[in-house]
Amino acid sequence: MTTTRALPPAEWCKLEGTLLETVWPSFDPEADIVLVVEEDGVIVGCTSFLPRWHMEGTWIHPGHRNTVKVGRPLLSAMYAMAQQLKAKELIMVSVDPDVSAMCQRLGSSSMLMHGDHYSIGLGHA
């Protein structure tokens, strides 16, 4: 028998063997939602809804890259805005090697997310 349900946080450990197995420990039980499809109690499909702020278009003029006079204030402003928004995490897509390098320099506060990113429209009829 196949069932679809929201998986309670107490059961998130059942996500072992799925694409969520390494990331669910960082989920917020108060805000994040995990949906699963189960067949005879075994998870055969899953997805998650994670309310996060998404930054887009992070860019520095080529003449100002690899200097601290633009990157540092931009990063400081980013953190200040995130604090103002009470954001616990920021998501961004980088298509620029310099921006990717900046993210990697953030160390343990930054995690590379593999895969293609898509925007799925939810047009209302």
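No lab work stands behind these numbers, since they all come straight from the coordinates. Please read all numbers here as calculations on a predicted model, not as lab measurements. Because the Cβ atoms are built from the backbone with ideal geometry, glycine has one as well, and the counts that use them run over all protein chains shown.
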Legend entry - Estimated inter-spin distance, THR4 and HIS117, nm [label 7 Å along Cα→Cβ]: 2.7 nm
Inset, instruction - Divide by every residue of the chain the summed helix terms, -39500 (n - 2.57) for each DSSP H run of at least 4, and state the resulting mean residue ellipticity at 222 nm, rounded to the nearest 500 deg cm²/dmol. - result: -6500 deg cm²/dmol
Legend entry - Considering only the stretch 15-125, percent of DSSP beta bridges that pair antiparallel, nearest 5: 70 percent
Inset, instruction - Working from Cα positions, state the angle (0 to 90°, nearest 10) between the long axis of helix 68-84 and the longest principal axis of the chain. - result: 40 degrees
Legend entry - Cα gyration tensor category, rounded, prolate or oblate, for the chain with a/c compared to 1.5: prolate
Inset, instruction - Could you pull out every one of the lysines with an alpha carbon less than 20 Å from that of LYS69, ignoring same-chain neighbours closer than 8 positions? - result: none
Inset, instruction - Provide VAL99, VAL93, VAL34, VAL44 in ascending order of the number of other Cβ atoms located within 10 Å of each residue's Cβ, fewest first. - result: VAL44, VAL93, VAL99, VAL34
Legend entry - Kirkwood-based shape ratio for the stretch 1-73, expressed as Rg/Rh from alpha carbons: 1.27
Inset, instruction - Return the lysines within reach of LYS14: Cα separation strictly under 30 angstrom, same-chain partners fewer than 8 residues apart disregarded; answer none if there are no such residues. - result: LYS86, LYS88
Legend entry - Cut-off 14 Å between beta-carbons: net charge of the residues surrounding ASP32, Lys and Arg +1, Asp and Glu -1: -2
Inset, instruction - Mind checking the full-extension length gain between MET55 and SER108? Use 0.36 nm per residue of separation minus the Cα-Cα distance, one decimal, nm. - result: 17.2 nm
Inset, instruction - Count charges around LEU20 for me, please; just the other residues with Cβ under 13 Å from its Cβ, Lys/Arg as +1, Asp/Glu as -1. - result: -3
Legend entry - Extension gain (nm, one decimal) between GLU16 and GLN83, 0.36 nm per residue minus Cα-Cα: 20.9 nm
Legend entry - Tensor-based shape of the stretch 53-109 (alpha-carbon gyration tensor, a/c under 1.5 rounded, otherwise prolate or oblate): prolate
